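Chemist: Would you mind keeping the following structure in view while I ask a few things?
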Amino acid sequence: MEGAKTAVVVNPASANGKTGRRWPEIAAMLEREGLKFDANLTAGPGEATELTRRALRGGCGLVVSVGGDGTANEVVNGFFTAEGPVKKEAAAGFIAMGTGSDLIKTLGIPKDPGEAVKHLLRSPRRAVDVGRVAFTDHAGLEKTRYFINIADLGLGGDTVARVNRTSKALGGFASFLWGTVVSLLLYRNQPMCVSVDGQVVCDEPVTIVVVGNGCYFGGGMQIAPGAEMADGFFDIVILHNMNKASLLANLPKVYKGAHLTHPRVTSLRGRKVAIRSTGTALLDLDGEQPGRAPVDIELQPGALLVQG
């Protein structure tokens, strides 16, 4: 660790500006632990990906994301191009300061920044799976991105789009709960044809399709409770055409991961997921809303090294 060239990518705007205010304190923590690093502060959406890619091509062996789940997603995307990894031997680290902080729950990284710094510098590296997604962006162009935690279409994409338009001043749990309840009241189930590993498993109006590499999304909802990031499989959860009353009644179960026994919920595992829709099914990737269906999602086993 001591000899590794390290870049820290900071999103000062995340958590409604809290990350920027606390960054000097976090930087001091890293320095006290003896880490030598170059700090890179983002100025807008997408910049974390370019900063990460530049750092890796410049010889960095560790890139640390400081920000929310969206920042972490951008940093992870910096480790890859559409063709594959930028630098296989490099690792990503995460200090979560954002609204949802869902990624660290599955990875077992502490939420407290001081504890997260210690965990980062004292834990071994491990390989985790990531997902590669081909989708249609909001301009109608075909794009490719990666995710480390959760990809979903439908209600989740609608909720993320709504939450990301707010100040998020209420914090992660309350902001996502508010966004979820409002979306539940306004959202219309979208027609989707879902194939897993080449087999059609659903072709009807759907509330949400979740492709889980991690367990949590939406500020603490345990949507894919059995997901593990290094097992070579996605955990796929489909909520079939549920009405608003049923969704609201079962929302507390999702926070506990107790929803999989519901008769309108399908849970299965797979490595490739294809989703087509004649409606407008919005895509959520790790808390970002980059586009919509059609999407093709493919597991990349052990494709990313994580520090901590």
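Chemist: Examine region 281-299 for a residue that is polar (S, T, N, Q) and surrounded by fewer than 18 Cβ atoms within 10 Å (Cβ to Cβ), and state whether such a residue exists.
Modeler: No, that holds for no residue.
Chemist: Considering each residue of region 163-202, count those that are out of contact with any strand residue (DSSP E or B) (no Cβ under 6 Å at 6 or more places or on another chain) and at pLDDT 65 or above, and give that number.
Modeler: The qualifying residues number 13.
Chemist: Counting just the residues of region 29-48 that are touching a helix residue (DSSP H, G or I) at 6+ places or on another chain (Cβ under 7 Å) and aliphatic (A, V, I, L, M), which one comes out surrounded by the most Cβ atoms within 10 Å (Cβ to Cβ)?
Modeler: Ala48
Chemist: Same structure again: So is Lys118 in contact (Cβ under 8 Å) with a residue 12 or more places away in the chain, in contact with a helix residue (DSSP H, G or I) (Cβ under 9 Å, 6 or more places away or on another chain) and over 24 Å from Gln300 (Cβ atoms) or not?
Modeler: Yes.
Chemist: When only residues in region 247-256 that are crowded, with 16+ Cβ neighbours inside 10 Å and not aliphatic (A, V, I, L, M) count, which is modelled with the highest pLDDT?
Modeler: Lys253
Chemist: Something else now. Has region 234-246 got at least one residue that is out of contact with any Ser or Thr (no Cβ under 9 Å at 6 or more places or on another chain), modelled with pLDDT of 95 or more and outside the structural domain of Gly108 (by TED's automatic domain parsing)?
Modeler: Yes, region 234-246 contains at least one residue that is out of contact with any Ser or Thr (no Cβ under 9 Å at 6 or more places or on another chain), modelled with pLDDT of 95 or more and outside the structural domain of Gly108 (by TED's automatic domain parsing).
Chemist: Test of understanding: among Ala230, Ala224, Ala258, Ala245, which residue is part of a loop (DSSP other than H, G, I, E, B), without any contact (Cβ under 8 Å) to a residue 60 or more places away in the chain and out of contact with any helix residue (DSSP H, G or I) (no Cβ under 8 Å at 6 or more places or on another chain)?
Modeler: Just one listed residue meets the conditions, Ala258.
Chemist: Further question: Considering only region 17-28, state which residues are crowded, with 18+ Cβ neighbours inside 10 Å and either under 20 Å from Leu62 (Cβ atoms) or in contact with a Ser or Thr (Cβ under 7 Å, 6 or more places away or on another chain) (or both).
Modeler: Those that are crowded, with 18+ Cβ neighbours inside 10 Å and either under 20 Å from Leu62 (Cβ atoms) or in contact with a Ser or Thr (Cβ under 7 Å, 6 or more places away or on another chain) (or both): Thr19, Trp23, Ile26.
Chemist: Something else now. Test Ala151 against the criterion of being surrounded by fewer than 16 Cβ atoms within 10 Å (Cβ to Cβ) and assigned to a strand (DSSP E or B), and give yes or no.
Modeler: No, not satisfied.
Chemist: Do we find a residue being out of contact with any Gly (no Cβ under 9 Å at 6 or more places or on another chain), surrounded by fewer than 24 Cβ atoms within 10 Å (Cβ to Cβ), touching a residue at least 60 places away in the same chain (Cβ under 8 Å) and under 30 Å from Asp231 (Cα atoms) anywhere in region 71-84?
Modeler: yes
Chemist: When the residues of region 255-281 are filtered to those that are touching a Ser or Thr at 6+ places or on another chain (Cβ under 9 Å) and of a type in the set (A, V, I, L, M), which remaining residue is nearest to Gly140 (Cα to Cα)?
Modeler: That would be Ile275.
Chemist: Let me ask something additional. I need every pair where a residue in region 278-299 that is within 21 Å of Gly46 (Cβ to Cβ) has its Cβ under 6 Å from the Cβ of a residue that is of a type in the set (Ser, Thr, Tyr) and in a strand (DSSP E or B), sequence separation at least 6 or different chains.
Modeler: What qualifies is Gly291/Thr136; Arg292/Thr136.
Chemist: Which members of region 96-106 meet the condition of being out of contact with any Lys or Arg (no Cβ under 8 Å at 6 or more places or on another chain) and either closer than 23 Å to Pro12 by Cβ or part of a loop (DSSP other than H, G, I, E, B) (or both)?
Modeler: Gly98, Gly100, Asp102, Leu103
Chemist: Any chance region 276-290 includes a residue that's more than 22 Å from Tyr187 (Cβ to Cβ) and either among the basic types (Lys, Arg) or assigned by TED's automatic domain parsing to the domain that holds Val196 (or both)? It would help to see each step written out before you state the result.
Modeler: Restricting attention to region 276-290, the residues satisfying the condition of being more than 22 Å from Tyr187 (Cβ to Cβ) are none.
The answer is no, given that none of the residues of region 276-290 is more than 22 Å from Tyr187 (Cβ to Cβ) and either among the basic types (Lys, Arg) or assigned by TED's automatic domain parsing to the domain that holds Val196 (or both).
Chemist: Pick from Ala90, Ala28: which is of a type outside the set (Val, Ile, Thr) and closer than 21 Å to Arg125 by Cβ?
Modeler: Ala90
Chemist: Counting only residues that are surrounded by fewer than 21 Cβ atoms within 10 Å (Cβ to Cβ) and among the small types (Gly, Ala, Ser), which one in region 203-234 is nearest to the chain's Cα centre (by Cα)?
Modeler: Within region 203-234, the first condition is being surrounded by fewer than 21 Cβ atoms within 10 Å (Cβ to Cβ), and the residues that meet it are 203-205, 220, 225-226, 228, 230-233.
Filter again for among the small types (Gly, Ala, Ser), leaving 220, 226, 230, 232.
Values: Gly220: 12, Gly226: 16, Ala230: 15, Gly232: 17 Å.
Top of the filtered list is Gly220.
The values are calculated or read from the model by the stated rules, or taken from the named source; none is laboratory data. Bear in mind that the values here come from a model prediction, so they are computed numbers and not experimental data. Because the Cβ atoms are built from the backbone with ideal geometry, glycine has one as well, and the counts that use them run over all protein chains shown.
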